[in-house]
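Asks: Below is one structure. I have some questions about it.
Values quoted throughout were computed directly from the atomic coordinates according to the rules given, and no laboratory measurement underlies them. Because the structure is a prediction, the values reported are computed rather than measured. All Cβ positions, glycine included, derive from the backbone under ideal geometry; neighbour counts span all protein chains shown.
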Amino acid sequence: MDKTAPNPTNQTPELLRRLLRAKDRMDADSHEDWPVERLARVSHVSPAHFARSFKEAFGIPPHRYLLTRRIERAKTLLRDTDLSITDVAFQTGWASLGTFGRIFRDITGESPGALRQRERAAADQLGRVPACFLSAAQRPDLTIAVLEKRRRTVADTNGARKTKENRQ
Amino acid sequence: MTQGIEMMGLYVRDQEEALRFYVDKLGFRVHTDVRNGDYRWLTVQHPQQPSLQLGLFVPGPPTLDAQSAQMLQALVAKGAMPPMLLAVDDCRAAYERMRAAGVEFTQEPVERYGTVDANFRDPSGNGWKMVQGRQ
């Protein structure tokens, strides 16, 4: 059998359906804490197997999936409400404003305040798409770890600086 | 004749389970239920929408090979199929009724954008959004 074929996992539809339940719960309450033990209980999977099973099913570790949902929701709140950035941070599940700002910037490439200004300046041409699907379309596509993304950004910046220095 | 969409199909993991869900819990009616050996053509419809049938099909032979069927089963169970939308008069009342019947809701009714909406899934993993019609 072709080992490079995308799927062929041994995950049964019944297991996948139970893993989906954990994903659904994070979707519904992304502001809550979701330690692996809690998610594993939802899926009726042992905590030792949960993270690996989830990643195999959905292609992203559960904690990173939670981050994408929190950032998606934060972006919506920044765009659609007048909540302060502090309130947005706490309502989307962060315990500290600093962590929220840093991770938000790592993932989206701009600060919460900058995103709010830009979104408000842009004309609203998406009014005809149902809101939940519109929101999903703006979910960050977090294919690498946040720390890795941060590292690469720093590396790029350093690289750019070096090039500039070389030119001088 | 009236032109338009007459039937759309959903993939489900078990037709009997899906039938019980859509008929007993959602209040749909059976439109066609015909068997030919292992093959079962099963469609249901909303009681107020006789022009549209919802097919409940298990991916598999004779229309699909075993590997494709397995992949589709996995996709359905992962919630990867496109969302369906159910219009109701009163979202909160429908939510209470369906939840009491054992429907798995993934989002409680939320009032926004001038209407009320909730999300639920069928036993196979197909996702539905239930939206209250604007008055």
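Asks: For the list (1) polar (S, T, N, Q); (2) more than 14 Å from chain A (Cβ to nearest Cβ); (3) out of contact with any Asp or Glu (no Cβ under 8 Å at 6 or more places or on another chain); (4) buried (at least 19 other Cβ atoms within 10 Å of the Cβ), I need the number of the one condition that B:Gln53 fails.
Replies: Going through (1) polar (S, T, N, Q); (2) more than 14 Å from chain A (Cβ to nearest Cβ); (3) out of contact with any Asp or Glu (no Cβ under 8 Å at 6 or more places or on another chain); (4) buried (at least 19 other Cβ atoms within 10 Å of the Cβ) one by one, B:Gln53 breaks only (3).
Asks: Moving on to the next point. Mind listing just one residue for me: the one in region B:105-122 that is in contact (Cβ under 8 Å) with a residue 24 or more places away in the chain and within 8 Å of chain A (Cβ to nearest Cβ) and, of those, nearest to B:Leu86 (Cα to Cα)?
Replies: Result: B:Asp117.
Asks: Being within 14 Å of another protein chain (Cβ to nearest Cβ) and in contact with a Pro (Cβ under 6 Å, 6 or more places away or on another chain) is the requirement here; does A:Phe104 meet it?
Replies: No; evaluated as a whole, the condition is false for this residue.
Asks: Could you list, in sequence order, the residues of region B:31-84 that are in contact with a strand residue (DSSP E or B) (Cβ under 6 Å, 6 or more places away or on another chain) and of a type in the set (Asp, Glu)?
Replies: B:Asp33
Asks: Let me ask you something else. Which residue pairs have Cβ atoms under 9 Å apart, sit 6 or more places apart or on different chains, and have a first residue in region A:26-46 that is within 14 Å of chain B (Cβ to nearest Cβ) and a second that is among the acidic types (Asp, Glu)?
Replies: Listed by first residue and then by second, the contacts come to A:Met26/A:Glu32; A:Ala28/B:Glu108; A:Ser30/A:Glu72; A:Val42/A:Asp24.
Asks: Of everything in region A:19-49, what is surrounded by 20 or more Cβ atoms within 10 Å (Cβ to Cβ) and over 18 Å from A:Arg69 (Cα atoms)? Give them in sequence order.
Replies: A:Ala40, A:Ser43, A:Val45
Asks: Which is over 14 Å from the mean Cα position of the chain (by Cα) and assigned to a helix (DSSP H, G or I), of A:Ala95, A:Ala48, A:Ala74?
Replies: Testing whether each residue is over 14 Å from the mean Cα position of the chain (by Cα) and assigned to a helix (DSSP H, G or I) leaves just A:Ala48.
Asks: Check off (1) within 14 Å of chain A (Cβ to nearest Cβ); (2) farther than 25 Å from A:Arg25 by Cα; (3) of a type outside the set (Val, Ile, Thr); (4) surrounded by 16 or more Cβ atoms within 10 Å (Cβ to Cβ) for B:Gly125 and give me the number that stays unchecked.
Replies: (2) is the only condition that B:Gly125 fails.
Asks: Answer yes or no: is there a residue in region A:114-125 that is within 17 Å of the chain's Cα centre (by Cα) and either more than 18 Å from A:Ala145 (Cα to Cα) or among the charged types (D, E, K, R) (or both).
Replies: There is at least one residue in region A:114-125 that is within 17 Å of the chain's Cα centre (by Cα) and either more than 18 Å from A:Ala145 (Cα to Cα) or among the charged types (D, E, K, R) (or both).
Asks: Of everything in region B:49-79 that's of a type in the set (A, V, I, L, M, F, W, C) and touching a Gly at 6+ places or on another chain (Cβ under 8 Å), which residue is farthest from A:Ala136 (Cα to Cα)?
Replies: Checked region B:49-79; the qualifying residue farthest from A:Ala136 (Cα to Cα) is B:Ala66.
Asks: Has region B:63-80 got any residue that is facing another protein chain (nearest Cβ under 10 Å) and on the phi > 0 side of the Ramachandran plot?
Replies: Yes: one or more hits.
Residues are listed down the side, and each one gets a yes or a no for (1) surrounded by 15 or more Cβ atoms within 10 Å (Cβ to Cβ); (2) small (Gly, Ala, Ser):
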| residue | (1), (2) |
| --- | --- |
| A:Ala57 | yes, yes |
| A:His63 | yes, no |
| A:Ser84 | no, yes |
| A:Ala89 | yes, yes |
| A:Trp94 | yes, no |
